[in-house]
1. Could you please find all residues in segment 1-40 being loosely packed, with under 11 Cβ neighbours inside 10 Å and β-branched (Val, Ile, Thr)?
2. Restricting to segment 1-56, count the residues that are part of a loop (DSSP other than H, G, I, E, B) and either at pLDDT below 85 or under 11 Å from residue 80 (Cα atoms) (or both).
3. State which residue pairs qualify: first residue charged (D, E, K, R) and inside segment 59-76, second residue not in a strand (DSSP E or B) in any location, beta carbons under 6 Å apart, and separation of 6 or more residues or different chains.
4. Mind checking which residues of segment 18-27 are under 12 Å from residue 63 (Cα atoms) and over 9 Å from the mean Cα position of the chain (by Cα)?
5. What's the number of the only condition in (1) modelled with pLDDT of 85 or more; (2) more than 12 Å from the chain's Cα centre (by Cα); (3) acidic (Asp, Glu) that residue 80 fails to meet?
Amino acid sequence: MENSFKETFEAHGENLMQKVKELIAEGNVRKIIIHNEEGKEIMSIPLTIGVVGAVFAPVLAAVGALAALLGDCTITVEREAPAE
């Protein structure tokens, strides 16, 4: 069974897109969940190992549109636990 852990980051609308791009580039992220100020889940982005580039273009476009609408938001990241 694979182990994972979660981290949470605060972001403002204008910084949301940059943070999501950074998280995707890190490579050990399984899922990104974006919540609004009230804690409601707005978007969930499952990430699969090996999926890169043009496949994420529509996702990043959606995140960009979302960033324009949101003020403050919370990003929850599910990561793979390091191998022991």
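The values are calculated or read from the model by the stated rules, or taken from the named source; none is laboratory data. All values reported here derive from a predicted model rather than from experimental measurement. Heads up, the Cβs are rebuilt from the backbone with ideal geometry, glycines too, and the neighbour counts pull from every protein chain shown.
1. Passing the criteria: only 8.
2. Here is the first cut: in segment 1-56, the residues part of a loop (DSSP other than H, G, I, E, B) are 1-3, 27-28, 36-40, 47-52.
Imposing the further condition that a residue be either at pLDDT below 85 or under 11 Å from residue 80 (Cα atoms) (or both) reduces the set to 1-3, 27-28, 47-52.
Residues meeting the conditions: 11.
3. Short answer, once both residue conditions are applied: 72/37.
4. Passing the criteria: only 18.
5. With (1) modelled with pLDDT of 85 or more; (2) more than 12 Å from the chain's Cα centre (by Cα); (3) acidic (Asp, Glu) applied to residue 80, the lone miss is (1).
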